[in-house]
Amino acid sequence: MQICCLDLEGVLLPEIWIAVAEHFHNDDLRLTTRDISDYDQLMQHRLKVLRKNRIRLADIQGVIAGMEPLAGAGDFLDDLYRDFQVVLLSDTYYEFAMPLIRKLGNPTLLCNWLTVSRSGYIANYILRQKDGKRKAVKAFKQIGFRVVAAGDSYNDLSMLRTADRGVLFNPPEAIVKRYPAFPVSRDYATLSRLLRQQ
């Protein structure tokens, strides 16, 4: 049996933080793991910006409610289900992702949690575990699965290295140049073909 592990944002969903940045006209929230590889540094920056601009969790969830999966993402998942168990491994948060996961047909999602203050501001984030994407892939392999994986950012690289086959999907050119060993896909048809290669 094979498992396909996919990053969520940038692979199946638009980047949530970019949508939030655009909604609130705040370029300080546009940074993602495509820009900053240190996840804690990135999140501390985001939390500081949210507090400074008085943006609450409910405000962010309101933006997310109007978002849709990337065009073709649902059909891509349906195609994968013919040959794989599919698990989404993401650095996002359940408080953000669940409405969008329902729009994808409720695939299995392993991600993180938020803590929220009484006044509704995001107080902090709780990682499921550090380097959780890599550790999940390693655990699946240890119990006998062949694992393929796809992601788009720096925070996906350890997952892609650990998988039996790792593919970059629509990564920034800086990542492509720095990590030329990974095959690159720019569309779902190519990604589906690359994930199925032995």
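Table for the structure above
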quantity: Near pairs, Cβ below 9 angstrom, 6+ apart or cross-chain, from region 166-192 (farther than 21 Å from Gly72 by Cα and in contact (Cβ under 8 Å) with a residue 12 or more places away in the chain) to any residue that is among the aromatic types (Phe, Trp, Tyr) and not in a loop (DSSP other than H, G, I, E, B); calculated: Ile175/Tyr154
quantity: Close pairs (6 angstrom Cβ cut-off, 6 or more residues apart or separate chains): more than 12 Å from Met159 (Cα to Cα) in region 125-139, surrounded by fewer than 16 Cβ atoms within 10 Å (Cβ to Cβ) and hydrophobic (A, V, I, L, M, F, W, C) anywhere; calculated: Ile126/Trp113
quantity: Residue count for region 156-174, restricted to those that are under 18 Å from Pro14 (Cβ atoms) and surrounded by fewer than 21 Cβ atoms within 10 Å (Cβ to Cβ); calculated: 2
quantity: Test: Leu47 is touching a residue at least 40 places away in the same chain (Cβ under 8 Å) and assigned to a helix (DSSP H, G or I); calculated: yes
quantity: Candidate set: region 84-95, residues that are modelled with pLDDT of 95 or more and not hydroxyl-bearing (Ser, Thr, Tyr); chosen: the one nearest to Asp59 (Cα to Cα); calculated: Glu95
quantity: Positions within region 60-78 being in a helix (DSSP H, G or I), at pLDDT 95 or above and surrounded by fewer than 17 Cβ atoms within 10 Å (Cβ to Cβ), in sequence order; calculated: Gln61, Gly62, Gly74, Asp75, Asp78
quantity: Failed item, numbered, when Gly105 is tested on (1) closer than 22 Å to Glu68 by Cβ; (2) of a type in the set (Gly, Ala, Ser); (3) without any contact (Cβ under 8 Å) to a residue 40 or more places away in the chain; (4) assigned to a helix (DSSP H, G or I); calculated: (4)
quantity: Qualifying residue in region 127-137 (condition: under 13 Å from Leu8 (Cα atoms) and either surrounded by fewer than 19 Cβ atoms within 10 Å (Cβ to Cβ) or at pLDDT 95 or above (or both)); calculated: yes
quantity: Single unsatisfied condition, Arg34 versus (1) under 30 Å from Arg193 (Cα atoms); (2) at pLDDT below 95; (3) not in a loop (DSSP other than H, G, I, E, B); calculated: (3)
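The values are calculated or read from the model by the stated rules, or taken from the named source; none is laboratory data. Remember, predicted model here, so these are calculated numbers, not experimental data. Note that we place each Cβ from the backbone using ideal geometry, even for glycine, and neighbour counts take in every protein chain shown.
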